[in-house]
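Notes for the one structure printed next.
The values are calculated or read from the model by the stated rules, or taken from the named source; none is laboratory data. Keep in mind the model is a prediction, meaning the values are calculated, not measured. Backbone-built Cβ (ideal geometry, glycine too); neighbour counts: all protein chains shown.
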Amino acid sequence: MLKQLTIRNYVLVDTLDVSFKAGLTGITGESGAGKSILLGALSLLLGERAKTDCVRPGADKADISAEFELLPSGFLQTKLAADDMLEGGNTDCLVRRVISTEGRSRSFINNIPVTLQYLKDISEHLVDIQGQNEHQRLLDRNVQRSLLDDYGKLASQSTKVSGLYKTWQNTVQEIAKLKDVITAHEDRETLLKYQLEEFANLSIGENELAQLEVEQKRLAQAQSILEILGRANGNLEELDDLRQTARMLTELDDSHKDLAVAKDTLVSALTLLDDAARDLRRYQDQVVVDPGALLEIDERISAILEVARKHKIQPEHVSNFAQELQQEFDSMASDTTMLDELSAKEGALGEEYFANAKKLSTARRKQSGGFCKDVNGYIQALGIKDGALSIVFHDQQSEHGLEQVEFHVTTNANFAAGPLGRIASGGEQTRISLAIQIVAAANSALPCLILDEADVGVGGTTADTVGRILRDLADHTQVLCVTHAPQVAALGHNHMRVSKHKDQTVIEPLSQDNRIEELARMLAGAGVTEKTRAYAKTLLQEAHPK
């Protein structure tokens, strides 16, 4: 339940601290006193989009915080504890939001910074604020379906179905995209097959072109190479004079160092020349004049150059290019394999979705009877004697299941039921909406329900009935009801008045005497008399018999 609300520098509020109690609390006040400020601050606190004009003029920021008491071992206590927002078995939850004049905001839960989305997700389980135009919201079929699911405690099952549907449809979309890719690749695949066959027939090895060019060059000049080698070998064989000179120098009997160096150098030179002659002879043995081999190499190089020209690549890159084409072709084959895998996955997901969606449909239809029965009891108690709600299920496969839910009503036994927005008048819609809200709230786990003039347009005996219904509801859910109906306010366990003093909004709990005075004002307006005070006192006594 909501225990405390603190507002600083919000709109025209400088400082406002309000404590709330369990049960039904009536919130009253003259028009323009600031009841909307209270609801606006709470809405901001629970994640509504912030505007710059929400900060009080002259202040640099608005600061709104609220203390809630959570249900022990409930969903929120468990979640906040799991998210390290709550310690042990603590049930106190402090929610705070700070908004700057630039419209930027920061959010906190138990003084721990959180994202605005996290705050919104949490607030859905803290407070439900039902505005004056709630009956308009109830015309939305999605809202109607959610109310039925909440009543039947099918929210988790509905969420599961929604998740399965989204995963299934994402897979369907992946398959469609992959099929488009494969279709677009068909012509490319045919071309790749042809090109790969061409490269396979060419069967070029890595660095083969460079090796061929070297061999081609050697074969092309083989004749001239052999002629040069012949002359070179002849010259190297005519070294007898140098050999004779070396022998003569060796025979000299003189140990002079210059002579020794000269002899060694000459001997080394002759040795090197002999080595060169031997190497040249080995090279000469490998050089052959072979016009046929040269022709084959020329043709092989021409074939490689032609392929390079055809594919507009450098000749030395032909081998790598062939590998790239092969990789591309292999990836297309993997696309087909992936398509088979996705198709199998899509089939399994579809079966799982339909199985769970059918269970959800069965549960919805089962719960619809009890929901309508409960709502009808309140509709008739609220003065529409022939009023009745029925639920029509339209086949419609979506993330929400296999059907769409539509509320139909009848307000006259002589006429057939029809959609809520078409059959009921404005006043009837308000009362039917209130009946639906009460049933939904009675079956929710929300610790706090705030009704903003949900009883507008009703008075007299019907207003008394509304108040008694809300008081019964408040036995297990804290209800804060902004109301202009004195009958409703009198039935509250608590009564708070909103007033304005020197442009400051004040919200205060009322004592018994002040409560009588406020009820008298609500009954008579400005002309409060002893008679209206007496009637107000009677209302309180009848609402709270000892």
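When the residues of region 273-305 are filtered to those that are basic (Lys, Arg) and free of Cβ contacts under 8 Å to residues at least 12 places away in the same chain, which remaining residue is farthest from Leu239 (Cα to Cα)?
Here is the first cut: in region 273-305, the ones basic (Lys, Arg) are 278, 281-282, 300.
Then keep just the ones that are free of Cβ contacts under 8 Å to residues at least 12 places away in the same chain; that gives 278, 282.
Values: Arg278: 14, Arg282: 20 Å.
Among them, the one singled out is Arg282.
Could you check region 282-292 and list, in sequence order, the residues that are in a helix (DSSP H, G or I) and surrounded by 14 or more Cβ atoms within 10 Å (Cβ to Cβ)?
Residues of region 282-292 that are in a helix (DSSP H, G or I), as a first pass: 282-286, 291-292.
The answer is Gln284, and nothing else.
Just need a number here: residues in region 311-328 that are within 15 Å of Leu212 (Cα to Cα) and either of a type in the set (Lys, Arg) or touching a residue at least 12 places away in the same chain (Cβ under 8 Å) (or both).
Of region 311-328, the ones within 15 Å of Leu212 (Cα to Cα) are 315-319.
Add one more test, that the residue is either of a type in the set (Lys, Arg) or touching a residue at least 12 places away in the same chain (Cβ under 8 Å) (or both), and what stays is 315-316, 318-319.
Of the residues in that region, 4 qualify.
Please give the number of the condition Val318 fails out of (1) buried (at least 16 other Cβ atoms within 10 Å of the Cβ); (2) within 30 Å of Ile438 (Cα to Cα); (3) among the β-branched types (Val, Ile, Thr).
Result: Val318 passes all but (2).
Which condition does Val95 not pass, out of (1) in a helix (DSSP H, G or I); (2) closer than 30 Å to Val11 by Cα, if it passes all the others?
Only one criterion is unmet by Val95, namely (1).
Pick out the one residue from Leu270, Leu259, Leu295 that is surrounded by 13 or more Cβ atoms within 10 Å (Cβ to Cβ) and either in contact with a strand residue (DSSP E or B) (Cβ under 8 Å, 6 or more places away or on another chain) or part of a helix (DSSP H, G or I) (or both). Write out each step before concluding.
Working: Leu259 fails: surrounded by 13 or more Cβ atoms within 10 Å (Cβ to Cβ); Leu295 fails: surrounded by 13 or more Cβ atoms within 10 Å (Cβ to Cβ).
The unique qualifying residue is Leu270.
Taking the conditions exactly as written (part of a helix (DSSP H, G or I), over 60 Å from the mean Cα position of the chain (by Cα) and exposed (fewer than 14 other Cβ atoms within 10 Å of the Cβ)), does Asp279 satisfy them or not? I'd like the intermediate steps shown before the answer.
Working: part of a helix (DSSP H, G or I): yes; over 60 Å from the mean Cα position of the chain (by Cα): yes; exposed (fewer than 14 other Cβ atoms within 10 Å of the Cβ): yes.
Considered against the rule, which asks whether it is part of a helix (DSSP H, G or I), over 60 Å from the mean Cα position of the chain (by Cα) and exposed (fewer than 14 other Cβ atoms within 10 Å of the Cβ), Asp279 comes out as yes.
Quick one: count up the residues across region 409-445 that are surrounded by fewer than 21 Cβ atoms within 10 Å (Cβ to Cβ), under 15 Å from Lys385 (Cβ atoms) and modelled with pLDDT of 75 or more.
Matching residues across region 409-445 total 7.
Run down Thr245, Thr159, Thr171 and say which single residue is modelled with pLDDT of 80 or more and assigned by TED's automatic domain parsing to the domain that holds Val287.
Numbers: Thr159 fails: assigned by TED's automatic domain parsing to the domain that holds Val287; Thr171 fails: assigned by TED's automatic domain parsing to the domain that holds Val287.
Step by step, each of Thr245, Thr159, Thr171 is checked, and only Thr245 is modelled with pLDDT of 80 or more and assigned by TED's automatic domain parsing to the domain that holds Val287.
Exactly one condition in (1) surrounded by 14 or more Cβ atoms within 10 Å (Cβ to Cβ); (2) among the hydrophobic types (A, V, I, L, M, F, W, C); (3) touching a residue at least 12 places away in the same chain (Cβ under 8 Å); (4) over 30 Å from Ala176 (Cβ atoms) is not met by Ala308; state its number.
(3)
Among the listed residues Glu324, Glu399, which satisfies the condition of being of a type in the set (Asp, Glu) and over 30 Å from Leu139 (Cα atoms)? Full working, then the answer.
Working: Glu399 fails: over 30 Å from Leu139 (Cα atoms).
It is Glu324.
Can you work out which of the residues in region 325-349 that are within 17 Å of Ser203 (Cα to Cα) and touching a Phe, Trp or Tyr at 6+ places or on another chain (Cβ under 9 Å) is surrounded by the fewest Cβ atoms within 10 Å (Cβ to Cβ)? Quick ask: steps written out before the conclusion?
Keep residues of region 325-349 that are within 17 Å of Ser203 (Cα to Cα), which gives 325-327.
Right, trim to touching a Phe, Trp or Tyr at 6+ places or on another chain (Cβ under 9 Å) and you get 325-326.
Values: Leu325: 18, Gln326: 15.
This residue is Gln326.
Any residue in region 98-108 that is at pLDDT below 90, touching a Pro at 6+ places or on another chain (Cβ under 8 Å) and surrounded by 17 or more Cβ atoms within 10 Å (Cβ to Cβ)?
no
Return the residues of region 202-216 that are surrounded by 15 or more Cβ atoms within 10 Å (Cβ to Cβ) and under 56 Å from the mean Cα position of the chain (by Cα); say none if nothing qualifies.
Within region 202-216, Leu202, Ile204, Glu208, Leu209 meet the criteria.
Cβ-Cβ distance below 8 Å, separation of 6 or more or different chains: which pairs start in region 471-493 with a residue that is without any contact (Cβ under 8 Å) to a residue 40 or more places away in the chain and within 24 Å of Ala520 (Cα to Cα) and end on one that is outside any strand (DSSP E or B) and acidic (Asp, Glu)?
Here the result reads Ala485/Asp455, each pair linking region 471-493 to a residue that is outside any strand (DSSP E or B) and acidic (Asp, Glu).
In region 379-434, which residues are under 40 Å from the mean Cα position of the chain (by Cα) and among the polar types (S, T, N, Q)?
Across region 379-434, the qualifying residues are Ser390, Gln396, Gln397, Ser398, Gln404, Gln429, Thr430, Ser433.
Restricting attention to region 462-499, and to residues there that are touching a strand residue (DSSP E or B) at 6+ places or on another chain (Cβ under 7 Å) and basic (Lys, Arg), which single residue is farthest from Glu542 (Cα to Cα)?
Among those that are touching a strand residue (DSSP E or B) at 6+ places or on another chain (Cβ under 7 Å) and basic (Lys, Arg), it is Arg497.
Quick check on my filter: what residues within region 377-408 are surrounded by fewer than 19 Cβ atoms within 10 Å (Cβ to Cβ) and not in a strand (DSSP E or B)?
Passing the criteria: Gly377, Gln380, Ala381, Gly383, Lys385, Asp386, Glu399.
Among (1) outside any loop (DSSP other than H, G, I, E, B); (2) at pLDDT 80 or above; (3) within 30 Å of Ile204 (Cα to Cα), where does Ala322 come up short?
(2)
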